[in-house]
1. Is at least one residue of region 151-165 in contact with a Phe, Trp or Tyr (Cβ under 8 Å, 6 or more places away or on another chain) and at pLDDT 95 or above?
2. With the requirement that a residue be part of a loop (DSSP other than H, G, I, E, B), under 19 Å from the mean Cα position of the chain (by Cα) and of a type in the set (S, T, Y), what does region 49-72 give you?
3. Between a residue in region 145-162 that is in a helix (DSSP H, G or I) and any residue that is aromatic (F, W, Y), which pairs come within a Cβ distance under 8 Å, given they are 6 or more apart or on different chains?
4. Of S168, S119, S134, which residue is of a type in the set (S, T, Y), assigned to a helix (DSSP H, G or I) and under 27 Å from Q68 (Cα atoms)?
5. Limited to region 35-48, what total is found for residues that are in contact (Cβ under 8 Å) with a residue 60 or more places away in the chain and either closer than 28 Å to E110 by Cα or not in a loop (DSSP other than H, G, I, E, B) (or both)?
6. Of all residues in region 55-81, which are buried (at least 18 other Cβ atoms within 10 Å of the Cβ) and either among the β-branched types (V, I, T) or touching a helix residue (DSSP H, G or I) at 6+ places or on another chain (Cβ under 7 Å) (or both)?
7. Please determine, by comparing only the residues of region 2-34 that are in contact (Cβ under 8 Å) with a residue 24 or more places away in the chain and not in a helix (DSSP H, G or I), which one is surrounded by the most Cβ atoms within 10 Å (Cβ to Cβ).
8. So which of E75, E91 is of a type in the set (D, E, K, R), within 13 Å of the chain's Cα centre (by Cα) and on the phi < 0 side of the Ramachandran plot?
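The values are calculated or read from the model by the stated rules, or taken from the named source; none is laboratory data. Small disclaimer: the values here were computed from a predicted structure and weren't measured. Reconstructed Cβ throughout: ideal geometry from the backbone, glycine too, with neighbour counts over all protein chains shown.
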Amino acid sequence: MNNYITSLINQFDYYKTAGDKTLQQLSFKEMNYQLHDNSNSVSIIVKHMVGNMLSRWTNFLTEDGEKQWRQREQEFEATYTTKAEVLADWEKGWQCLYNAITPLKNNDLERIVYIRNESQTVADAIFRQLGHYSYHIGQIAYIGIMIKNEDWQSLSIPKGKSKAYNDSKFSKPKQ
């Protein structure tokens, strides 16, 4: 049984879902909003994440995670022309990740892989990326909250709704 791998996939699913729910709420114009020149828009953060995902997860076990073909600096240039393009790239990056980690077995977690010529265990590499993606998805959600303001649909329990949520969860018998 690969319960560690399943748990890791579940964590990636959790963060992907938060990103999905945020992206669904934003128009293409909103995805490209930048507070100032030194900040990134949602679409640029997505582009960076996708570039990172394709680099890290392509041939994950056999090649360095920082591929020669990656153009990291270009990930911070706004080049998407439609929301559909942003979403298609988003899905492409996630699919690359899932294709790499789904076949792993628990004993693969101790294998050595490289990122920027630095050796680490598969487990460390996965945790590194889990942290990286959750960080950026938090940025995406925060930008979404600022843009949507009163129209924002909470990704979890909305403010002021904790008691009602807890009452509904804890009033039912455990199964």
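1. Residues of region 151-165 in contact with a Phe, Trp or Tyr (Cβ under 8 Å, 6 or more places away or on another chain): 157.
From the residues that got through so far, the ones that are at pLDDT 95 or above too are none.
The answer is no; no qualifying residue exists.
2. Matches in region 49-72: T58 only.
3. Within 8 Å, the pairs are I145/W152; I147/Y33.
4. The conditions single out S134.
5. Residues flagged as in contact (Cβ under 8 Å) with a residue 60 or more places away in the chain and either closer than 28 Å to E110 by Cα or not in a loop (DSSP other than H, G, I, E, B) (or both) within region 35-48 amount to 4.
6. R56, W57, F60, G65, E75, Y80
7. L26
8. After applying the criteria, what remains is E91.
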